[in-house]
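The values are calculated or read from the model by the stated rules, or taken from the named source; none is laboratory data. All values reported here derive from a predicted model rather than from experimental measurement. Virtual Cβ from ideal backbone geometry, glycine too; neighbours counted across all protein chains shown. Heads up: the accessible areas ignore ligands, DNA and RNA and are worked out on the full protein's heavy atoms, side chains in. Shrake-Rupley method; radii C 1.70, N 1.55, O 1.52, S 1.80 Å.
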Amino acid sequence: MARRRPARPRPLPARSRPLPARFRPPPAWPRPLPPRSARWPWIALAVLPLSACSGSGQSTLTPYGDGARRVAGLWWLMFGISLFVTAVIVVLVLWAATRRRRPGVRARMDTGQRYVTITGIILPAIVLVLVYVISLPTLRAIGDPKDPDQLTIDVLGHQWWWEVSYPGSGVVTANEIHMPTGRTVHLRLRTADVNHSFWAPQLNVKTDLVAGRTNHLWLRTDRPGVYRGQCAEYCGLQHARMAFHVVAQPPAEFAAWLTGQARPAPAPPGGLAAQGLRVLESGSCASCHAVRGTTANGRIGPDLTHLASRRYLAAGTVPNTRGYLGGWISNSQTIKPGNRMPPQPLASEQLQALIAYLETLR
Ligand code: CUA
């Protein structure tokens with residue numbers, strides 16, 4: 001059989017005209033850098049993501065509570081140690097990478113191994129023990145301060161909201177923990193169902209709410225403000241929407257708040273609000289919710305006695321406004337799917353009346 005000789009590649013025809021710009025290949029790598037003046041906007045833009053690190057109200061690095069301040073201090077110290085260790089490693093790696101081996105000298109494995117044992121096991125062990133010893137005083141400081149003047153508050157975790165009660169005062173509220181500034185607050189943390197975790201990053205460490213036991217956390221801050229907190233232990237479908245707010249107030253303001261919350265719900269002024277109270281007492285609301293001073297005394301959902309005084313609905317999910325309140329009552333499943341509250345098929349005027357009544361619960 002005759003073998004065919006492979007065709008010889010023909011020379012490409014000489015290009016007579018230059019290609020149009022869109023067909024021309026990109027300039028060779030590395031591309032020339034843009035002029036210095038054009039680089040600044042990009043550098044400035046690159047800094048933007050850093051702004052997300054603060055201002056969210058949930059950064060451990062902007063502490064306002066005594067406990068959080070200690071933890072942040074420890075964090076910065078550990079960050080400094082890590083930076084130092086990283087720098088030493090980078091220098092050693094560069095040193096090893098750039099060292100030329102002298103001709104005729106063979107690497108000695110036994111010295112190398114001794115060196116790795118010392119720097120790879122003994123040095124990290126020393127650093128870890130050092131960090132542990134340094135963190136001991138912080139662990140002690142964030143625990144029970146044994147303050148005889150402390151205020152005790154009970155926090156009960158539910159799927160997916162927080163029940164807050166003030167022992168001895170009869171005050172029960174939800175998702176909003178008011179506390180006086182300049183005074184130690186002792187939180188007794190329990191759960192009604194699965195495990196949750198209480199975490200207000202700007203005030204103190206996170207503490208788990210474990211089924212069948214009571215855990216303790218102490219908060220103290222001198223700065224009035226609203227601090228956002230979050231459930232930090234996965235607890236089911238709406239774990240992400242299980243937030244709360246700690247409202248720190250000057251002592252006199254806190255005392256006034258507590259007195260107001262201890263009062264039963266005010267009687268409706270009449271008209272639409274009075275009709276709303278009848279809807280609440282006769283409908284299904286009363287079997288799950290309590291409004292002190294009325295016949296509604298359900299214990300499944302949040303206490304609504306002073307609902308209108310709260311900032312948010314559904315554990316920080318939506319702001320407490322008329323529109324969201326109406327939407328929540330009609331069908332809360334569209335706002336927070338999986339929550340325990342079934343849709344309420346109320347006639348429009350009944351819903352308007354109910355909202356009008358709930359808005360009087362200040
Ligand atoms: Cu409760 Cu996550």
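Odds and ends about this structure:
- The eigenvalues of the Cα gyration tensor, multiplied by 5 and square-rooted, give region 205-294 an equivalent ellipsoid with semi-axes of 32, 22, 12 Å from largest to smallest.
- Heavy-atom accessible surface of region 115-202: percent carbon and sulfur, 1.4 Å: 67
- Of the peptides 119-126, 336-343, 299-306, the order by per-residue mean of other Cβ atoms within 10 Å, starting with the highest, comes out as 299-306, 336-343, 119-126.
- Cα-projected label distance for residue 135 with residue 77, points at 7 Å along beta-carbon direction, nm: 1.1
- Prolate/oblate/rounded call for the chain, Cα gyration tensor, a/c under 1.5 rounded: oblate
- Normalised contact order of the chain, rounded percent, pairs of Cα under 8 Å and 6 or more residues apart: 14
- Residue-normalised accessible area of region 171-290, expressed per residue, 1.4 Å probe, Å²: 41
- Residue-span extension gain [residue 146 to residue 84] - 0.36 nm each, minus C-alpha spacing: 18.6 nm
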